[in-house]
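Let me begin by presenting the structure, written as structure tokens, before commenting on it.
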Amino acid sequence: MNLPNLFLADLGPALELSPTTLRDACFALRRNREDWLLRQRTRTLVEILAYTAEQWLEPGFGFREVALREGPGETGFGVATLSRGLDAFFRQLTVENLEALIVQDLGDVRRLDDFTSTAVEMRGGRRSLAVGPELLVHLTAGNLPNPALFSMVLGLLTRSAQVVKCPRRGALIPRLFAHSLAATESKLGSSLELVAWSHAEPGAASLEEALFEEAGCITATGGDEMLESVRRRIPQGKRLVAYGHRLSFGFISRESQSTYAMKRLVRAAADDVTAWNQLGCLSPHVYYVEEEAEGMAARFAGELAEELARRESTEPRGDLSTGEAAAIASRRTAYALRAAAASAVSERNLSGSLFFETSTSAQVWASEGSTAWTVVLDGDPRFKASCLNRFVYVKPVRGFDEVLRFAEPVRHQVSTVAVAAPDDRMDALSVRLARWGASRICPVGRMQDPPALWRHDGRPALGDLVAWTDLET
Amino acid sequence: MRLQNRLHDSFSNLLSDVRLFIERSSGSAVPPSGKEWEALALRLFGFQCRNVPVYGVWCRSLGISEASVTDWKSIPALPTHAFKDFDVSSLDPADRVAVFHSSGTTATRPSRHHHSVATLALYEASLEAGFLRGLAPLPTGGFRFVSLTPEPGSAPHSSLVHMIAHLGRRLSSGEAVFLGRPGADGWDLPLEPALETLVRLAREGRPILLLGTAFQMVHLMDRLAGSGSFLRLPPGSRVMETGGYKGRSRSVPRDELHALIRGRLCLAGDGVVTEYGMSELSSQAYGGESGLELPPWARLLLVDPESGKEVGEGTPGLVRVVDLSNVGSVMAVETGDLAERRGGLFRLLGRAETAEPRGCSLMTP
């Protein structure tokens, strides 16, 4: 299947983009939006999205085949990881879910079509219409494709012309999704544009600034430094919806560690670690295991290691850059050395102060002859960011209080906390986590599988894009 | 008592054998052979395996014994990280006269590399011989040493400052000058006084060797560029830059930095030399933009992080250095840097531990 040249990103790196080209493209996008997109009913758009998503779930769907054939080379994800991640995403894009999202964020499913009232508004004699930005610019990150795809979905619901800026090595899947939407309804493709460059390329800043001038609203996903640079360069009065990088962890309560429950939990934790090779903001860096007796965390770590070894045969991680592999190799060595030292101290009854400065215990389980997966049982309970790509920490704690205390340094960066706890503890734990700052609490195994209605980093993703017009009567 | 004596004896034998190796490598008619290097490396490995406790533990945990290692490439490397957590030394605490720390922020625990009088002397012999190779040919009459680092009294734990001070004492034409001072988080370089001194020394007309870290060089060059000025160093002058940036100045690719320095200081094509060294090692690599080279008493091994096997020419790998002059600590060290070989030289490609997974900016060490 050869993709036609529908979008600027289809033309590859050979295309030399200029700010003028982008401005012209934005002009055309806005005109096409007026001509068609703005005239569509929500129901039509939702059906187009849901129909396209349904096709993506079909093994024989052309765009999916291209994604799975060319995706591993471009994204670094193995075929199984990629198809699992895409399936999880497209399963969420149903008519029911998209309509529910509109109701949740905007109060009524017709909010984007007509002036409507909720019961409260009606009592006040008021009707309201939610209006999307004329032109929406998305600066997407390249670690995994789903957030870029979902940004496009939201922009369609708000009837916005859209420019999706992808990193050079992260444009394939967004392009395929855009092509698939255009294949369902060609007019839809004409108010959508995709471009690709890397932040560090010469000329990138002037291209971005041309887009900022044109945009009514900008969404940006990336690191603090990148977001800060975007924030500085956006003209006054334009809206920025910024998604900074987040990190996530899990908590396994002492009540959840019966032999039977443990088996299930270990499989679920392996789902979390292998999903998108742990590269998303919702992927776990650490599992905190609440210990009733010493050794529970070690048991969890050992079983998780076995499960990750099995996954490597069914869903291999895929190749890494030398730098990424080196980061894993270096960390493994550091912990293996600590493990060897700690066991030498205990076996030979050597005093820790004799030649070791620190004697926190550690144990490492790791794939042999590759960096495919690593589990580190770390006696030091302080939160530690993983080097990812299926490298996970397991840390024993005596209680939930310790988790919050040891994760305090990353408190304001935490997105998701996966919790395994009995119902009678769940309410109290959740309220504490919410007030502490976590924006999402989910079962172990579902970290990288947020529902379409998910409030991204604690904010209404659709609601944040629209402006309201109130009609008082 | 007898055992103590034997160990002591063996240690001093090793020290003098390594020293002899370094001397014979430098300017001798018959430089030592590769076989001699390997034999000495294996002897040193055996000694360190027995006498550096944490290294012994590490080797045993890898299932490696003294007898099982028959070629130098199988000698287990200790990560530089170990110098932070463990006492990597065979020296009796009473014999330790100096300790070098890795640079870094005050928040992290530094590496510590201990020296006795004898190992410090070997460090000095090694660094001096290495410097003379790396900077050859030196101008007749020598360089005036001007360092952007603090003077040794206010940076007693910097192996770099110790090195510069030693070289200054031995080789500088006129007293070595130190322009930096210790700051809240590392070293500061008061730019205006530094420039005044440089201008004054440049007027004297003797070739200058300007030494400093890459980030100090960037600060100095930015200052010159900011006012559109140039500082014409006397003919034959050179610059030796070393080390990374650690977030203290804008990070500039090495080629660009060299071009910047050459331009602002009016230096010839080979005027800027890179030095690659660290507190955990006693030898340094030198080179230019085409790559770096270690002296003959230290060897480089690049390994694939996936398999741990040696990589071929042009393939990036993790840097291991086997440095014979690290007698009192551990000779085989994995540095956490990435590099590739190109025609006998190697080029540094970055740090392994700061390699970020795609799209992620939350890596904290």
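Values quoted throughout were computed directly from the atomic coordinates according to the rules given, and no laboratory measurement underlies them. Predicted model, so just to flag it, every value in this text is computed and none were measured. With ideal geometry, Cβ positions are generated from the backbone for all residues, glycine too; neighbour counts draw on all protein chains shown.
Rounded to the nearest 10 degrees, the angle from helix A:19-35 to the longest Cα principal axis of chain A is 70 degrees.
From helices alone, chain A scores -14000 deg cm²/dmol at 222 nm; the rule is -39500 (n - 2.57) for each run of n ≥ 4 DSSP H residues, then divide by the residue total.
Would you please name the GluC sites (Glu not before Pro) within the stretch A:1-63 that are DSSP coil residues with at most 15 other C-beta atoms within 10 Å of their C-beta? Numbers along the way, then the final one.
Numbers: sites: A:E16, A:E34, A:E47, A:E54; in loops: A:E16.
Of the GluC sites (Glu not before Pro), the ones in loops of the stretch A:1-63 whose Cβ has at most 15 other Cβ atoms within 10 Å are A:E16.
Just check the stretch B:120-296 against the gyration tensor rule for me: Cα atoms, a ≥ b ≥ c as the square roots of the eigenvalues, rounded for a/c under 1.5, and otherwise prolate or oblate depending on whether a/b exceeds b/c. Provide the component values of the computation, followed by the final result.
Values: a/c = 1.28, a/b = 1.19, b/c = 1.07.
In terms of gyration-tensor shape, rounded.
Run through the stretch A:1-45 and list the trypsin sites (Lys or Arg not before Pro) located in a DSSP loop whose Cβ has at most 16 other Cβ atoms within 10 Å. Spell out each step's value before the answer.
Working: sites: A:R23, A:R30, A:R31, A:R33, A:R39, A:R41, A:R43; in loops: A:R41.
For trypsin sites (Lys or Arg not before Pro) across the stretch A:1-45 that sit outside H, G, I, E and B with at most 16 neighbouring Cβ atoms in 10 Å, the list reads A:R41.
Working note: Karplus 6.51/-1.76/1.60 with θ = phi - 60° gives the stretch B:43-58 the couplings 4, 5, 4, x, 4, 6, 4, 7, 10, 9, x, 5, 5, x, 4, 4 Hz, where Gly and Pro are set to x. Relative to the 2.2 N^0.38 Å rule of thumb, the protein assembly as shown has a C-alpha radius of gyration ratio of 1.08. In this structure, the amide hydrogen of A:S361, modeled 1.01 Å from its nitrogen in the peptide plane, lies closer than 5 angstrom to those of A:G379, counting only residues at least 5 positions away or on a different chain. Taking one quarter of the surface of the convex hull spanned by the alpha-carbon atoms of the stretch A:247-442 gives a direction-averaged projected area of 11.6 nm². Within 10 Å of the Cβ of each residue in B:69-82, the mean number of Cβ atoms contributed by other protein chains is 2.
Across the stretch B:13-29, rounded Karplus estimates of 3J(HN,Hα) from the backbone phi angles (6.51 cos²θ - 1.76 cosθ + 1.60, θ = phi - 60°) give 4, 5, 4, 6, 5, 5, 4, 5, 4, 5, 5, 5, 6, 10, x, 8, 5 Hz, Gly and Pro being marked x.
Taken one residue at a time, the phi angles of the stretch A:171-176 give Karplus couplings (6.51, -1.76, 1.60, θ = phi - 60°) of 9, 4, 5, x, 4, 4 Hz. Gly and Pro are set to x. For the Cα trace of chain A, dividing Rg by the Kirkwood Rh returns an Rg/Rh value of 1.01. Within straight-line reach of A:K395, meaning a Cα separation under 29 Å, sit the following lysines at least 8 residues removed in sequence or on another chain: A:K263, A:K384, B:K84. To make sure I understand the rule: partners must be lysines, Cα under 24 Å from the Cα of A:K238, and not fewer than 8 residues away in the same chain. Which ones qualify? Output for A:K238: A:K165. For the stretch B:154-231, GluC sites (Glu not before Pro) are listed when DSSP marks them as loop and at most 14 other Cβ atoms sit within 10 Å of their Cβ; the list is B:E175. For the stretch B:152-200, the square roots of the Cα gyration tensor eigenvalues, ordered a ≥ b ≥ c, give a/c of at least 1.5 with a/b no greater than b/c, which places it in the oblate category.
Altogether, the Stokes-Einstein calculation at 4 °C and 1.567 mPa s, with the Kirkwood radius of chain B over Cα pairs as Rh, returns a diffusion coefficient of 60 µm²/s. Dimensions of the stretch A:133-257 along the principal axes, based on C-alpha atoms and rounded to the nearest Å, stand at 54, 38, 28, largest first. Taking the charge dipole of the protein assembly as shown about its Cα centre, with +1 at Lys and Arg Cβ atoms and -1 at Asp and Glu Cβ atoms, the residue from B:H115, A:L38, B:A332 reaching farthest to the positive side is B:H115. Per residue of peptide B:53-62, the mean number of Cβ atoms on other chains within 10 Å of the residue Cβ is 5. In straight Cα distance, which lysines are under 19 Å from B:K309, not counting same-chain residues fewer than 8 positions off? Excluding near neighbours in sequence, the set is B:K73.
The angle between the Cα long axis of helix A:259-274 and the longest principal axis of the Cα atoms of chain A comes to about 50 degrees, rounded to the nearest 10. For the stretch A:278-322, count all C-alpha to C-alpha pairs, find those more than 12 Å apart, and express that count as a whole percent of the total. Roughly 73 percent, rounded to a whole number. Suppose we keep just the DSSP beta bridges with both residues in chain A; what percent of those would be antiparallel, to 5? Here the share of antiparallel DSSP bridges comes out near 20 percent.
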